[in-house]
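The values are calculated or read from the model by the stated rules, or taken from the named source; none is laboratory data. All of these numbers come straight from a predicted model, not from anything done at the bench. Cβ: placed from backbone, ideal geometry, glycine included. Neighbour counts: every protein chain shown. Accessible surface areas use protein heavy atoms only, side chains included; no ligands, DNA or RNA. Shrake-Rupley method; radii C 1.70, N 1.55, O 1.52, S 1.80 Å.
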Amino acid sequence: MLLLLLGAGAALFCLLDAWYLLRLPLAVLHAKWLQPRLRDVLQEQSWPGLVLPSDLDWLLHMNNSRYLREADLARCAHLARCGIFDALRALGGSMVLAASCARHRRSLRLFERFAVRTRLLGWDSRAFYLEQRFVSPRQGFVCALLLCRLHVVGSSPGRLVQHLCQKQVDSPELPEEVQHWISYNEASSQKLRAESGLGINTKDE
């Protein structure tokens, strides 16, 4: 029986990203039940991290894919803590990651601590835009920066924020670099639609 359990555990970790699948619900539950609610949806939240041996690539710094995984955990914790997940459930909506962009400025090394600082920059009729910074305690240096576009399905960002604030709230003006990024995404989508023979008015899923 013990060998069977050990084999099942080994298979779970070999075939699935079991550590991620365990950490994600724990991160959401911790943010929702053990941390105070963020009353301001624009307030920044910090998520702690540590570079483990399993995070390393052949150059002995944190693998590029691990940045995306840690950002995903921090983002879900942020959305749970500020109440957006609750608003989605109340309004019958869902949310998908439609685009992301990463910049890497300095490597994170083995057993180095870092913080993922997540904040909502604003929204439009379809999506929320978030910034996530990987900050090293060494002089507060920003080692990596991610921009994320989260599409709201079955509702709208404005309705979600209105549900949370109990009043209509206008989005802050998005930073110039984010507006350029949005323009790039739209130009890329139009090119892909043309290559696929789809109309220019066809929207991405």
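In the chain, taking the dipole from charged Cβ atoms about the Cα centre, the farthest positive-side position among Leu91, Ser171, Val41 is held by Val41. The Kirkwood radius of segment 32-155, taken over pairs of alpha-carbon atoms, gives through the Stokes-Einstein law at 4 °C and 1.567 mPa s a diffusion coefficient of 85 µm² s⁻¹.
Determine the dipole magnitude for segment 75-154: charges of +1 sit on the beta-carbon of Lys and Arg, -1 on that of Asp and Glu, nothing else is charged, the reference point is the Cα centre, and the result goes in debye to the nearest 20. Don't skip to the end; give the middle numbers.
Working: 14 positive and 4 negative charges, 81 e Å.
Once rounded to the nearest 20, the dipole reads 400 debye.
Note on Trp47: accessible area approximately 40 square angstrom, rounded to 10, probe 1.4 Å, nucleic acids and ligands left out. Full extension of the chain between Leu174 and Arg69 yields a length gain of 35.3 nm, computed as 0.36 nm times the residue separation minus the alpha carbon distance. Annotation: Tyr184 carries an accessible surface of approximately 140 Å², with a 1.4 Å probe and no ligand, DNA or RNA atoms counted.
Each of the peptides 76-84, 108-116, 130-138 was scored by the mean count of other Cβ atoms within 10 Å over its residues; in descending order, highest first, they stand as 76-84, 130-138, 108-116. The angle between the Cα long axis of helix 64-81 and the main principal axis of the chain comes to about 60°, on a 0 to 90 degree scale. Residues considered: Asp17, Asp86, Asp40. Largest GNM mean-square fluctuation over the chain, using C-alpha springs under 10 Å, is found at Asp17.
Say we join alpha carbon atoms closer than 10 Å with springs in a Gaussian network model of the chain; which of Ser155, Ser46, Ser125 then has the biggest fluctuation? Among Ser155, Ser46, Ser125, the largest mean-square fluctuation in the Gaussian network model of the chain belongs to Ser125.
Relative contact order (percent) for the chain, with alpha-carbon contacts under 8 angstrom and 6 or more residues of separation? Please report the intermediate quantities before stating the final value.
Values: 293 pairs, mean separation 39.0, N = 205.
RCO, the chain: 19 percent.
Database remark: amide H of Trp47 closer than 5 angstrom to the amide H of Val116, Arg117, Thr118 (H placed geometrically; neighbours at sequence offset of 5 or more, or on other chains; Pro and chain starts carry no H). Between Gly122, Gly154, Gly49, the residue with the greatest mean-square fluctuation in the GNM of the chain (Cα pairs under 10 Å linked by springs) is Gly154. With angles folded into 0 to 90 degrees, how steeply does helix 2-15 sit against the dominant principal axis of the chain? Use alpha carbons for both and round to 10. The answer is roughly 40 degrees. Each residue of segment 35-51 was assigned a 3J(HN,Hα) from its phi angle through the Karplus curve 6.51 cos²θ - 1.76 cosθ + 1.60 (θ = phi - 60°); the sequence is 10, x, 5, 7, 7, 9, 5, 8, 6, 6, 10, 10, 10, x, x, 9, 6 Hz, with glycine and proline shown as x.
Whole number please: convex hull volume per residue, Cα atoms of segment 116-203, in Å³.
131
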